[in-house]
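**Student:** Okay, handing you the structure first.
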Amino acid sequence: MEIHLSAHLGPHVSAHACDKEIRNRDTIASGTENGCKKVNTFIQANNNNNKVVCGRNGGTPQGNNLFMSNQPFPVVTCKLQSGQRHPNCQYRGKKSTRYIVLECDRESPVHYEAK
């Protein structure tokens, strides 16, 4: 699943701020019954940190201009709680670290590849 990277950059997003962040970014899931996105991941890094993944030493090519980070990144994963409808989507956040996959164009990240 390909997703624009800017929707997933959140250097200061905390696990307790999922509702606020998703609402402020007006994140919706078109074509769904309730308009709420089931899962949204925020990478707790800025674009310069992510750019390293697209370079020679920071990421491993996966094919199709995709690169997996050589180091895990801190992320906040926001999961929808059942029974909610847009714009009143309510999320529960969890902080973790994991390797991320980015699509790169001329050594710059352009998309976050959700796995």
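**Student:** For a Förster distance of 22 Å, can you work out the FRET efficiency between the beta-carbons of Asn47 and Arg23, rounded to the nearest 0.05?
**Tutor:** The calculated FRET efficiency here is 0.45.
**Student:** Over segment 1-61, calculate the relative contact order: mean separation of alpha carbon pairs under 8 Å at least 6 apart, over the residue count, as a percent.
**Tutor:** Answer for segment 1-61 is 40 percent.
**Student:** Of all the accessible heavy-atom surface of the chain, with the other protein chains kept in place and a 1.4 Å probe, what percent is carbon and sulfur?
**Tutor:** For the chain, the apolar C and S fraction of the accessible surface comes to 46 percent.
**Student:** Relative contact order of the chain: what whole-number percent is it, with Cα pairs under 8 angstrom and at least 6 residues apart?
**Tutor:** 33
**Student:** Treating only the Cβ of Lys, Arg, Asp and Glu as charged (+1, +1, -1, -1), what charge dipole size does the chain show about its Cα centre? Round to the nearest 20 debye.
**Tutor:** 400
**Student:** A follow-up question, please. Measuring with a 1.4 Å probe in the full set of protein chains, what accessible area per residue, in whole Å², belongs to the chain?
**Tutor:** Per-residue accessible area for the chain comes out at 63 Å².
**Student:** Set Lys and Arg Cβ to +1 and Asp and Glu Cβ to -1, take the dipole of the chain about its Cα centre, and tell me which of Val53, Ile43, Val110 lies farthest positive.
**Tutor:** Going by the Cα projections, it comes out as Ile43.
**Student:** Shifting gears a bit: Which lysines have a Cα lying under 22 Å from the Cα of Lys94, excluding residues fewer than 8 positions away in the same chain?
**Tutor:** Lys20, Lys37, Lys38, Lys79, Lys115
The values are calculated or read from the model by the stated rules, or taken from the named source; none is laboratory data. Remember, predicted model here, so these are calculated numbers, not experimental data. Ideal geometry is used to build each Cβ from the backbone, glycine not excepted, and the neighbour counts take in all protein chains shown. To get the accessible areas, we keep the full protein, side chains included, count just its heavy atoms, and leave off ligands, DNA and RNA. Shrake-Rupley method; radii C 1.70, N 1.55, O 1.52, S 1.80 Å.
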